[in-house]
Amino acid sequence: MSKLQELKTHLADVIHLQHAAGVLGWDQQTYMPPGGAEARAEQLATLSRLAHEMFVAETTGALLQQAAAEVDGAGYDSDEAALVRVVQHDYDLATRVPTKLVEEIARTTTLAHEVWAKARQANDFASFAPMLDKIYDLMRQQADALGYEDRMYDALLDQYEPGMKTAQVEALFAELREELVPFVAAIFERLDAVDDTPVKLNYDVDKQAEFGLKVIEQLGYDMTRGRQDKAVHPFTTEFSINDVRITTRYQEDWMPAALFGSIHEAGHAMYEQGSDPRLEGTMLAGGTSLGVHESQSRMWENLVGRSRGFWQYFYPDLQKLFPEQLGAVNLDAFYKAINAVSRSLIRVEADEVTYNLHIMLRFEMENDLLEGKLAVNDAPDYWNAKMDSYLGITPPDNGKHGVLQDVHWSSGLVGYFPTYSLGNFLSVQYWDKALADVPSIPDDIASGNFATLLDWLRANIHVHGRKYWPTELTERVTGEPIQVRSFMRYLKDKYTPIYDL
Ligand code: ZN
């Protein structure tokens, strides 16, 4: 057997354990009775430990070296060279952090999650502050272990967006801030121009589910290789290219939550389903980074799902399903209602215009906390001042409407937030290129044909799985690096007429 084949066989066991843990995790969030929590935590810990031990074992390192020598000379684009390259990267990350530190982070964040949930509910930042201090201390140790040249944050960011640098993200946000902050202020002056009450009426949950399912199937989410269930937090999870599942949650008094949530998760799922079948069962299957993943979900959610063309096609069906709520609301009014901008304090509820300001704030705060420029105790004031300067609003508390609203920091996810914005920027860059290649896409969407867009995404992005780093992929697809120009132009073109600016 070749060394590459030996490596694949060895990694297959790791992948099986990871996917088995994935199934247990999916079950935990969908069907498991509450009583199962304790046993499930033990089961998951065992499977995760076995997968991790098997992956960081010296066998993996030795096989990698031998396989690398074997594929030396294979082209950069070949599956063989890509596999060795990507696994080497994952292996380096996984082995650089000492086991003791991994365990310490796991223990602290498990504890921190409980403390955070209580503090958030009670709007009591002070009770979470010591935990946050501890977590940032651990994050500094993690960054040191992972290694970085320029900025400490680089090491953490690289785990989620390989190859992306802090300075690059800062430059993107600086450009965004300059144009977006005044644009948001101008829209806030004219909030009355859009009435979003039609989507805030009472909508029967079963009918919402029926409609949402019909939409995502028509977009191209393959239900013979996927399924949708209810969960408290919407997510996508996969155990194979041929088993990619999503979840959604329904709100009776805010119809967009489930519908656009489903479209968003279906966007993630279609990316996972679209990996080349040759990559099945290898570490090359799936999305290349969180940012590129988010570009897919946001494209389907916003550029497709919140477009006029999409609703030219789907609105008559929705009206038929909800005649009381929508019978007297015309297409134009509905289109505006689903694109309403608001002074939201909460990131996950933010519209596409203000969303990135929420991310920018978190990214700046993470850096300042990490580099010791900001003391944990001053975090709420820092947060509130930025909310005022970017969005013109002040949170009423230092808890669920403010600095404690997100789960990420309590879970030790520092460096993760910017990938949401990177995904938003990339979604427009990829979209522009798709339309340049296939100009009929907007008309196709308006007539209910989503295959031309999905086929383009498959051929240019999905099929590659993790073979290319996100920076390489974007260059290959669009001919340029990530930038904010296209995103800003898209926002202005779309929202200037909506708010009659
Ligand atoms: Zn997402």
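The numbers here are math on the coordinates, done by the rules we state, and not lab data. Fair warning: this is a prediction, and the values are worked out from it, not measured in the lab. Cβ: placed from backbone, ideal geometry, glycine included. Neighbour counts: every protein chain shown.
For the cross-link pairs 100/134; 165/373; 118/373; 165/467; 3/100, the ones whose C-alpha atoms lie over 22 Å apart are 118/373; 3/100.
With the contact rule set at Cα under 8 Å and sequence spacing of 6 or more, what percent relative contact order holds for the chain?
Result for the chain is 20 percent.
Simple spin-label model, 7 Å along Cα-to-Cβ: residue 53 to residue 32 in nm? About 2.1 nm separates the two model spin labels. For segment 3-147, the C-alpha radius of gyration divided by 2.2 N^0.38 Å, with N the number of residues, is 1.32. Once C-alpha pairs closer than 8 Å and six or more residues apart are averaged by separation and normalised to the residue number of segment 336-433, the relative contact order reads 27 percent. Net charge in the neighbourhood of residue 136 (other residues with Cβ under 14 Å of its Cβ; Lys, Arg +1, Asp, Glu -1) is -4. Annotation note: GluC sites (Glu not before Pro) in segment 1-99 located in DSSP loop regions with a Cβ neighbour count of at most 11 within 10 Å are absent.
Expressed in units of 2.2 N^0.38 Å, where N is the residue count, the Cα radius of gyration of segment 337-434 is 1.14.
Take the alpha carbon atoms of segment 277-320, find their radius of gyration, then divide it by 2.2 N^0.38 Å using N residues; give the quotient. So segment 277-320 has a normalised radius of gyration of 1.72. By other beta-carbon atoms within 10 Å, ranking 346, 498 with the fewest at the front produces 346, 498. The stretch between residue 12 and residue 44, if pulled fully straight at 0.36 nm per residue, gains 9.7 nm over its current Cα-Cα span.
Modelled this way, with points 7 Å down the Cα-to-C-beta line, the labels at residue 344 and residue 145 are 3.5 nm from one another.
For the chain, excluding the exposed loop sites themselves (chymotrypsin sites (Phe, Trp or Tyr not before Pro), DSSP loop, at most 11 other Cβ atoms within 10 Å), the longest remaining stretch covers 77-501.
By the helix-only formula, in which each DSSP H run with n ≥ 4 contributes -39500 (n - 2.57) and the sum is divided by residues, the chain has a 222 nm mean residue ellipticity of -20500 deg cm²/dmol.
Counting 0.36 nm for each residue step from residue 251 to residue 480 and taking away their Cα separation leaves a gain of 78.4 nm.
When restricted to Cα atoms, segment 200-273 yields an Rg and a Dmax of 11.8, 39 Å, respectively.
Computed from the Cα positions only, the extents of segment 385-428 along the three principal axes stand at 33, 27, 13 Å, in decreasing order. When the P(r) of segment 11-87 is calculated, the portion above 15 Å amounts to 64% of the C-alpha pairs. Screening the chain for DSSP H helices whose Cα atoms reach 27 Å or more along their own axis and whose mean Kyte hydropathy is at least -0.5 gives 3-30, 37-56, 99-122, 125-146, 166-188, 418-437.
Of the GluC sites (Glu not before Pro) found in segment 299-379, those that fall in a DSSP loop while having at most 15 other beta-carbon atoms within 10 Å are 371. Length, then width, then depth: along the principal axes, the Cα atoms of the chain run 68, 51, 49 Å.
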